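Structure first, commentary second.
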Amino acid sequence: MNVPACSTGLDLAYGAGLAPGQRVVASYAASAVASRGRVVDEAPCPMRSDWQRDRDRILHSASFRRLMYKTQMFVFHEGDTYRTRLTHSLEVAQIARTLARQLLLDEDLAEALALAHDLGHPPFGHAGERALDRLVAPVGGFDHNVQSFRIVTQLETRYARYDGLNLTWESLEGLIKHNGPPAGTGKARDDRVVRALRRFQEVMDLELDQHASGEAQVAALADDIAWHTHDIDDGLRAGLIELSDLAEVDLLREELRRIERHSSRDRTRDIYELVRALITRLVADVLGETRRRLGELGPRQPQDIRGSGRTLVAFSPELFEHLKALRAFLFERLYHHARVMRVMNNAEAIVEDLVTGYASGRNAMPEDWAAASERLAEDGRWRLVCDFVAGMTDRFAIGQHQRLFDATPQLR
């Protein structure tokens, strides 16, 4: 049962007064009002809310399981304990639930959006995305956020009555708008997203010119917190950077000094202490800044957040500047490291070979995909090939390339 924050005395603090383990859903949470529904009407579940049901459909989807063998930063065979897209999504979901509970938002919707946000990533992460976007540019390009939306509205084929997962309006708008309003006037504007959703908008208006719910904004910030911290963790454990290198980053310098004073002399433990402390600091900063912004707005219903004209779940300006410096460090020292670039360049070549081979007809896709391709015009065939390759895991893409081509690049 949803309990409006105004009935608890906690609304002015926007969750700051919550006791450990306490759960309250505010009047401005998305679930404080009835869902706007699904494209295909369904009877309500007697045991779960609409957003629990959405979360469960995402968890049980084939696309979610495939994330187990999709690259976060390292290809799956480079190590058993590096993050994959699946473990990344689980970490994002954990942080999203923490933020949502502390801000009196709906944890289940925030979790659903966190779990779904990377469903559209192709094999080999951003390297695969770059290759696909370049190859299918004449038919609209490739964007993993749009692909996530297409998966949950079209490409998953599990249910007898419809394609996709038939998620609620709230989950769909959060998925496509979690980075900001794509039809707005700010930096989040994305005409490609607007074009890709043009037909869907005729069926269900997602209000692309407005901001998303607080829960969607929480999922976006949880993603930022997760990848900033766990990429440091994986980079350190891979030996691409050292703890001493991180002293160049203002955000980390003080924590590194504390670790040095109390070091266990166990590098693995020291790395974890750093990552743990950084997550705590980022979460605390988001909560403080978001409560300040909520206090300025004074929302009483979920539409107040959507129509506020600004992002409400955010880092403080000071910490945001620190994160920009951390990102610059990570791009220079980690993502553009020679070892990472060599693997990613080879991964792009694999994706390019697969797409051009299937699109030209030189290589045959599975029977059902090939049959669907024959019914399409050229533009549609390119999009179908893109969908087929984008749905591959790293290891399936490597295996297909080994089967179809004489030589396959080594991703090591």
Subtracting the Cα-Cα distance from 0.36 nm times the residue separation, let me have the gained length for Asp368 to Ser244 in nm, one decimal. 39.3 nm
Amide H neighbours of Thr168 under 5 Å, counting only residues 5+ apart in sequence or on other chains, H built in-plane at 1.01 Å? none
Going Cα to Cα from Lys324, which lysines come in below 20 Å? Please leave out same-chain ones fewer than 8 positions away. Lys187
So what is the relative contact order for segment 35-97, in percent, with contacts set as C-alpha pairs under 8 Å and at least six apart? 21
Within segment 194-267, list the trypsin sites (Lys or Arg not before Pro) lying in a DSSP loop whose Cβ has at most 15 other Cβ atoms in a 10 Å radius. Arg265
Accessible-area composition of the chain, carbon plus sulfur, in percent [1.4 Å probe]: 49
With every protein chain in place, what's the accessible area of Thr81 (1.4 Å probe, Å², nearest 10)? 100
For segment 155-170, 3J(HN,Hα) per residue [Karplus equation, 6.51 cos²θ - 1.76 cosθ + 1.60, θ = phi - 60°, Hz, x = Gly/Pro]: 7, 5, 10, 10, 10, 6, 8, 6, 7, x, 9, 6, 6, 5, 3, 5
So how far apart, in nm, are the two label points at Gln94 and Thr185 if each is 7 Å from Cα heading toward Cβ? 4.3
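Hey, with R₀ at 51 Å, roughly what FRET efficiency would Glu254 and Arg383 work out to, going by the Cβ-Cβ distance, to 0.05?
The pair Glu254/Arg383 has a calculated efficiency of 0.55.
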The answer for the chain, accessible area per residue at 1.4 Å probe in Å², is 46
Quick note, the chain: a/c under 1.5 would make it rounded; otherwise a/b > b/c is prolate and the rest oblate (a ≥ b ≥ c, C-alpha gyration tensor); here it is oblate
Inter-label distance for Ala19 and Asp56, nm, one decimal - labels placed 7 Å from Cα along Cα-to-Cβ: 3.0
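The values are calculated or read from the model by the stated rules, or taken from the named source; none is laboratory data. It should be emphasised that the depicted structure is a prediction, and the values quoted were computed from it without experimental measurement. Quick reminder, even Gly has a Cβ in these numbers, built from the backbone with ideal geometry, and neighbours come from all protein chains shown. SASA here: full protein model, heavy atoms, side chains in, ligands and nucleic acids out. Shrake-Rupley method; radii C 1.70, N 1.55, O 1.52, S 1.80 Å.
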